[in-house]
């Protein structure tokens with residue numbers, strides 16, 4: 001039943017792609033429509049396994065309840081005058097988006113084995129729309145984690161910024177960061193082509209990306225060489241933006257314009273690379 005449903009959705013996507021736009025506006029509109037169709041196709045998979053969202057919420061809960069509570073009491077990490085839990089909550093939100101996204105590429109390998117990737121590739125849908133649509137679906141999954149972390153942080157007494165503009169900014173940063181790391185994951189899947197190698201590389205990259213960022217401690221505590229690494233780590237800019245938008249009196253060390261710029265440029269670059277490599281997953 002699930003396979004028939006997916007085939008029907010893919011046929012609908014292919015049929016909607018047959019019309020060739022005749023002007024730039026129509027081209028952009030068609031690209032957006034196909035991207036959203038791919039995102040919807042990916043998000044629909046959650047209906048078959050909604051427990052994934054619940055199980056992924058356990059890890060950030062442990063970080064906030066255990067790690068955060070201990071270091072909040074110890075006061076061993078300088079956080080610029082704000083409680084450590086307030087400092088930590090945006091970092092755990094960024095970590096959660098990373099962990100949801102970094103293993104997204106394994107789904108590409110499953111789709112290849114099921115023959116779904118071939119159906120995508122023979123459709124007129126642009127490769128960039130395929131990659132971007134999948135990336136945005138990872139962002140939507142991360143929003144469910146953001147909701148859980150917001151509720152837990154509020155219960156723990158974190159001073160959250162409830163401004164509508166700040167909330168919209170947090171949502172945008174979470175989606176953008178998840179899209180970035182899921183596209184990075186897709187590129188790795190296209191290069192290694194086997195689930196075993198992919199899982200090994202994914203596990204190898206996750207912890208260094210997390211600890212070589214400002215998620216759980218400020219950059220000022222890092223040695224010089226690690227500070228340099230953290231400044232080329234996109235997660236640092238995602239967490240920096242979240243820290244400025246999510247909590248009261250939050251500030252951005254890099255500047256929100258720099259944070260958004262790095263995330264946007266990195267995501268666009270990775271989508272372009274992923275679009276070129278996407279067909280290699282079946283070669």
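Considering segment 218-236 alone, what residues qualify as being closer than 25 Å to residue 105 by Cβ and outside any helix (DSSP H, G or I)?
Matches in segment 218-236: 232, 233.
Give the residues of segment 251-272 that are surrounded by 16 or more Cβ atoms within 10 Å (Cβ to Cβ) and part of a helix (DSSP H, G or I), sorted by residue number.
Across segment 251-272, the qualifying residues are 256, 259, 260, 262, 263, 266, 267, 270, 271.
Taking the conditions exactly as written (within 30 Å of residue 81 (Cα to Cα) and either more than 18 Å from the chain's Cα centre (by Cα) or part of a helix (DSSP H, G or I) (or both)), does residue 277 satisfy them or not?
No.
Take residue 87 and decide whether it is modelled with pLDDT under 85, under 22 Å from residue 233 (Cβ atoms) and either touching a strand residue (DSSP E or B) at 6+ places or on another chain (Cβ under 9 Å) or part of a helix (DSSP H, G or I) (or both).
Against the criterion (modelled with pLDDT under 85, under 22 Å from residue 233 (Cβ atoms) and either touching a strand residue (DSSP E or B) at 6+ places or on another chain (Cβ under 9 Å) or part of a helix (DSSP H, G or I) (or both)), residue 87 does not qualify.
The values are calculated or read from the model by the stated rules, or taken from the named source; none is laboratory data. Computed from a prediction, not measured in an experiment: that's the story for all the values here. Every residue, glycine as well, gets a Cβ built from its backbone with ideal geometry; the counts of neighbours run over all protein chains shown.
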